[in-house]
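Worksheet: the structure to be examined is printed underneath.
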Amino acid sequence: MTSGTAPDADHLRAAFTRYFVERGHTAVPSASLIPHDPSVLFTIAGMVPFKPFFLGDEVPPWTRATSVQKCFRTVDIDIVGTTLRHCTFFEMLGNFSFGDYFKAEAIPFAWELVTEVLGIDGDRLWVTVYETDDEAEAIWRDAVGVRPERIQRLGDDNFWKMGETGPCGPSSEIFIDKGSAYGADGGPAFGGSERFVEIWNLVFMQYNRGADGSTEPLPRPSIDTGAGLERILPVIQGVDSLYDTDLYVPMLDVAQSITGRTYGADERTDVGLRIMADHGRAMAMLVADGVLPSNEGRGYVLRRIIRRAVRRARQLGVSEPCAQRLVDTAVGVLGAAHPGLAEQHRLVVDVVAREEEGFLRTLATGSAILEEVLASGEATVPGDVAFRLHDTYGFPVELTVEIAEEVGSKVDLEGFEEAMDRQRSLARAAARSGRATAGDEAYRSVLDTEGTTTFVGQSPDGYSAPARVVAVLVDNDPGHAGHIEVFLDRTPFYAESGGQMGDIGTIVTETGTALVHDTVSALPGLTSHRATVTGELFAGQEALATIDGPRRDALRRNHTGTHLLHAALRTVLGDQVRQQGSLVAPDRLRFDFSHHSGVVPEELAAVVAMANADVLTDSPVTVQETSKAEAEAMGALAFFGDKYGERVRVVRAGAHSVELCGGTHVSALGMIGPITIVSEASIGSNTRRIEAVTGTGALDRMAAREQLLAEAASLLRTEPEHVGEAIERLLERQKAAEKALEQAQARELRAEAGSLAGEAVYGAVVARRDGLTPDQLRDLAQAVRSQGGLRAVVLGGSPDGIKASVAVAADRKDPHETMGGQLHAGDLVKQIAPLLGGGGGGSPEVAVAGGKDPSGIDGALDEARRLTAGA
């Protein structure tokens with residue numbers, strides 16, 4: 001990599017990986033941006049996927065590993081774009097030792113790769129070590145040959161810990177000196193932060209920290225290193241900024257194309273273009289790894305990323321949607337290194353485009369209110385305004401702060417929090433009065449106090465279960481008078497999830513009965529039974545919770561039927577088919593899926609045949625709880641939009657379907673009964689929808705169609721099996737009758753045309769004919785003109801007494817110069833159409849017009865007579 005043209009990102013990834021593979025490391029593919037570790041929202045470092053090995057929870061399958069790991073951080077999101085080195089999505093190059101080699105090998109590895117493989121001048125490099133790590137300093141100085149004055153000792157910045165307890169140890173970092181133009185000298189410890197930039201961090205895990213803060217040596221010390229691809233690439237490409245590398249130049253190019261602005265023209269524009277470039281990469285990678293926009297957790301972060309990019313584009317004068325173009329370019333830049341992104345390209349575009357469309361509506365409403373406040377000269381946006389934007393219009397308070405700061409204003413965050421506290425206080429007061437109000441604060445209180453709800457309704461006979469009422473909340477929505485939400489410690493009611501509708505049924509205590517009309521997740525793990533009540537229910541009461549069994553059975557059939565259709569679609573149409581959404585209701589199922597073209601009848605028939613063939617096997621439906629990694633190894637498919645923990649349920653339905661699913665299912669495929677597709681159609685770009693019925697729903701549909709066929713046979717006076725032949729005969733007779741009618745109408749038209757031609761004045765016929773459609777009026781005008789010797793024909797009339805029509809036919813080959821010049825049909829009709837209260841146009845030979853004022857017909861014809869006479 002030290003000769004020829006500057007290496008690109010692909011070469012850097014390959015060189016790093018090859019170096020460590022040649023030294024006994026196993027190349028491990030990048031894990032998802034969604035980590036198995038519940039303590040972090042995203043994969044924020046290269047070591048996150050290996051954390052179970054470092055903690056000793058799992059035995060690593062290798063002693064040495066190397067990876068190029070996708071990572072995402074938002075800790076610096078507010079300064080992304082304002083500097084030349086910060087980004088949200090990045091790739092971490094790393095090498096790892098699990099009790100194998102340690103400092104004596106890791107330090108020379110890093111130096112050799114940086115200086116000899118990547119060709120970075122060692123005289124530009126500085127090294128830091130932990131303040132008491134004499135061993136690391138000695139290796140850098142004596143084994144590697146780094147000059148002592150280039151090695152500096154730091155405190156906590158060079159000590160790494162996984163948490164308050166557990167593995168920890170000193171670290172050592174390699175810094176590049178960018179030169180005096182970027183800040184003061186003095187090395188990483190004392191110099192400018194823009195001058196001395198870290199490119200590699202080596203963590204030496206050699207201690208275990210106990211609860212009392214004491215540390216003991218680990219029996220098998222390990223190595224965890226991380227070198228930022230986006231940090232090293234500018235160095236080896238000889239550019240000042242990560243935005244000047246091959247990872248970002250295409251993103252900046254498309255941002256400039258979208259906005260019509262030029263990068264480098266002014267700093268404010270540059271910041272906006274850099275944010276669009278960075279966030280375009282981030283949104284594409286997040287969605288491709290399964291993150292969907294929402295109001296909480298990862299989805300909220302993604303939503304913020306998309307909205308920041310879109311808003312920056314708006315600030316730079318963009319009025320049209322633009323996120324898709326950013327995504328398309330990101331796929332082009334990153335798709336080869338991360339094939340999953342290229343495979344999910346269409347899905348990513350659809351998700352981002354929908355989010356952008358929704359945000360533009362929110363932005364229009366919220367911005368108008370906020371701009372009115374800012375335009376009034378207020379130095380601070382009142383807290384109650386920020387709260388109203390947040391509570392009523394879904395305008396994030398972070399966005400309110402950002403917009404205000406751009407014009408030099410502030411937001412009264414204390415007032416905002418006070419408004420939020422008032423809302424919480426109202427909920428608490430209602431709770432003290434025994435009338436707790438349903439809402440997020442009350443839900444969190446129930447969850448914190450009582451814990452999660454245990455679901456006991458997975459078994460085929462899990463229709464009823466004893467339970468304890470832990471809370472009853474009142475729904476204060478004026479449209480839901482008398483409604484309550486009941487919370488139990490355990491429940492057979494399935495909360496709406498994964499497309500499956502929630503259960504209905506009853507909750508009975510000694511003092512009252514709740515009629516449950518819907519079951520939802522109020523918060524993750526907390527099930528809310530929405531109900532009306534007869535009598536009273538109180539927290540602490542014992543209850544019997546019973547679901548509507550037949551309805552649950554129908555839901556089971558449709559849910560498992562959805563799985564079979566999913567598998568059949570992928571078999572018939574290809575593995576590119578991916579679920580985009582679903583609805584599992586008791587009377588039907590709906591399945592949305594990605595597909596690049598229409599589904600032809602033969603393909604649809606094959607899908608139905610395969611699904612029903614699976615039903616006929618009556619294979620058992622098995623459910624297995626396992627780790628997500630094991631489920632993926634089994635080939636289990638994850639449904640669109642669902643979130644999974646480390647332990648997942650794998651549902652195997654027959655020979656073709658294996659999916660991760662938390663819903664309820666039949667115990668054997670034969671219980672589904674027949675599967676019938678009701679409709680299949682497009683619902684958007686590359687997205688299609690199937691609606692189907694199963695079991696009794698399919699049987700009812702078959703019976704209705706049989707009855708319809710019998711009625712048709714009776715009307716056709718034939719047997720049901722001969723209905724097709726009878727319809728063909730009927731159509732043939734109809735065609736013959738229509739042809740005879742057309743011939744008769746043509747004869748009448750010719751006769752009337754001849755009569756009208758005899759009324760010509762100065763080579764023109766102008767007449768009124770009511771009761772004809774615009775097409776018939778035009779045909780009659782052309783027939784009159786074909787009689788010969790006429791310059792123009794103008795016919796007007798009303799087909800129904802409500803609308804007005806006029807048709808003009810002109811002869812552009814008129815040889816009778818003595819009778820006036822040629823007429824242009826289109827020009828003529830435009831002159832008289834306004835008299836009908838409408839407009840029209842056409843060619844020089846034929847033109848038509850229509851209007852809403854039949855009373856103007858005679859005036860329009862008089863004008864036509866004047867114009868044709870004076871031509």
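Structural remarks
- Taken together, the criteria place Gly540 among residues that are surrounded by fewer than 22 Cβ atoms within 10 Å (Cβ to Cβ), touching a residue at least 40 places away in the same chain (Cβ under 8 Å), in contact with a Lys or Arg (Cβ under 9 Å, 6 or more places away or on another chain) and over 25 Å from Arg590 (Cβ atoms).
- Within the range 251-280, the set of residues being assigned to a loop (DSSP other than H, G, I, E, B) and either at positive phi or of a type outside the set (Val, Ile, Thr) (or both) comprises Gly260, Arg261, Tyr263, Gly264, Ala265, Asp266.
- Residues satisfying the stated conditions in the range 40-69, i.e. open to solvent by 20 Å² or more (accessible area, probe 1.4 Å) and part of a strand (DSSP E or B): Arg64, Val68
- Residues being within 18 Å of Thr17 (Cα to Cα), out of contact with any helix residue (DSSP H, G or I) (no Cβ under 7 Å at 6 or more places or on another chain), open to solvent by 10 Å² or more (accessible area, probe 1.4 Å) and not in a helix (DSSP H, G or I) - total across the range 94-118: 0
- In the range 311-330 there is at least one residue that is open to solvent by less than 50 Å² (accessible area, probe 1.4 Å), charged (D, E, K, R) and either in a helix (DSSP H, G or I) or in contact with a Pro (Cβ under 6 Å, 6 or more places away or on another chain) (or both).
- Residues of the range 595-613 that turn out to be farther than 14 Å from Ala568 by Cα and either in a strand (DSSP E or B) or not aliphatic (A, V, I, L, M) (or both), as a count: 4
- Check on Arg733, farther than 27 Å from Val599 by Cα, out of contact with any strand residue (DSSP E or B) (no Cβ under 7 Å at 6 or more places or on another chain) and at pLDDT 90 or above: yes
- Hey, Arg325 at pLDDT 90 or above and touching a Ser or Thr at 6+ places or on another chain (Cβ under 8 Å) or not: yes
- Selection of first residues in the range 124-145 that are assigned to a helix (DSSP H, G or I) and of second residues that are of a type in the set (Asp, Glu), restricted to Cβ pairs under 7 Å at least 6 apart or on distinct chains, gives the following pairs, ordered by first then second residue: Arg124/Asp177.
- If you go through the range 191-228 and keep only what is closer than 25 Å to Phe109 by Cβ and open to solvent by 20 Å² or more (accessible area, probe 1.4 Å), you end up with Glu198, Asn201, Gln206, Tyr207, Asn208, Pro217, Leu218, Pro219, Arg220, Pro221.
- Restricting the range 486-519 to residues that are charged (D, E, K, R) and within 17 Å of Ser582 (Cα to Cα), the residue that is surrounded by the fewest Cβ atoms within 10 Å (Cβ to Cβ): Glu496
- Condition met for Tyr263 (free of Cβ contacts under 8 Å to residues at least 24 places away in the same chain, under 15 Å from the mean Cα position of the chain (by Cα) and open to solvent by 20 Å² or more (accessible area, probe 1.4 Å)): no
- Count of the range 678-696 residues which are within 19 Å of Leu555 (Cα to Cα) and crowded, with 19+ Cβ neighbours inside 10 Å: 5
- Looking at Arg750, Arg705, just one residue is over 27 Å from Asp592 (Cβ atoms), open to solvent by 40 Å² or more (accessible area, probe 1.4 Å) and basic (Lys, Arg), and that residue is Arg750.
- Answer residue from the range 12-25, given it is in contact with a Ser or Thr (Cβ under 7 Å, 6 or more places away or on another chain) and either assigned to a loop (DSSP other than H, G, I, E, B) or hydroxyl-bearing (Ser, Thr, Tyr) (or both) and is most open to solvent (accessible area, probe 1.4 Å) among those: Thr17
- The range 689-739, residues that are part of a strand (DSSP E or B) and either without any contact (Cβ under 8 Å) to a residue 24 or more places away in the chain or in contact with a Leu (Cβ under 8 Å, 6 or more places away or on another chain) (or both): Ile690, Glu691, Ala692, Val693, Thr694
- The test for being surrounded by fewer than 16 Cβ atoms within 10 Å (Cβ to Cβ) and of a type in the set (Lys, Arg) does not hold for Arg652.
- Scanning the range 591-634 for residues that are closer than 18 Å to Gln576 by Cβ and without any contact (Cβ under 8 Å) to a residue 60 or more places away in the chain, we see that the one that is surrounded by the most Cβ atoms within 10 Å (Cβ to Cβ) is Met610.
For every residue, the table says whether it meets (1) surrounded by 14 or more Cβ atoms within 10 Å (Cβ to Cβ); (2) at pLDDT below 80; (3) over 29 Å from the mean Cα position of the chain (by Cα); (4) under 29 Å from Met285 (Cα atoms).
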| residue | (1), (2), (3), (4) |
| --- | --- |
| Ala337 | yes, no, no, yes |
| Ala353 | yes, no, no, yes |
| Thr362 | yes, yes, no, yes |
| Ile369 | yes, no, no, no |
| Glu372 | no, no, yes, no |
| Ala375 | no, no, yes, no |
| Arg388 | yes, no, no, no |
| Val407 | no, no, yes, no |
| Lys410 | no, no, yes, no |
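- Which listed residue, of Arg141, Arg153, Arg195, is within 30 Å of Ser241 (Cα to Cα) and at pLDDT 95 or above: Arg153
- Flag not set for Trp126, criterion: open to solvent by 10 Å² or more (accessible area, probe 1.4 Å), within 43 Å of the chain's Cα centre (by Cα), aromatic (Phe, Trp, Tyr) and farther than 30 Å from Ala277 by Cα.
- Total residues in the range 211-249 satisfying the condition of being under 37 Å from the mean Cα position of the chain (by Cα), in contact (Cβ under 8 Å) with a residue 24 or more places away in the chain and part of a loop (DSSP other than H, G, I, E, B): the figure is 6.
- For the range 516-554, the set of residues classified as of a type in the set (A, V, I, L, M) and touching a Gly at 6+ places or on another chain (Cβ under 6 Å) consists of Val516, Val520, Val533, Leu537, Ile547, listed by residue number.
- Residue within the range 391-401 that is open to solvent by 60 Å² or more (accessible area, probe 1.4 Å), free of Cβ contacts under 8 Å to residues at least 40 places away in the same chain and touching a Ser or Thr at 6+ places or on another chain (Cβ under 8 Å) present: yes
- Of all the listed residues (Arg530, Arg588, Arg578), the sole one being under 30 Å from Gly340 (Cα atoms), open to solvent by 50 Å² or more (accessible area, probe 1.4 Å) and in contact with a helix residue (DSSP H, G or I) (Cβ under 9 Å, 6 or more places away or on another chain) is Arg578.
The values are calculated or read from the model by the stated rules, or taken from the named source; none is laboratory data. Source: prediction; values computed, not measured. Cβ atoms come from the backbone with ideal geometry, glycine included; neighbour counts cover every protein chain shown. Please note that ligands, DNA and RNA were not included when accessible areas were found on the heavy atoms of the full protein model with its side chains. Shrake-Rupley method; radii C 1.70, N 1.55, O 1.52, S 1.80 Å.
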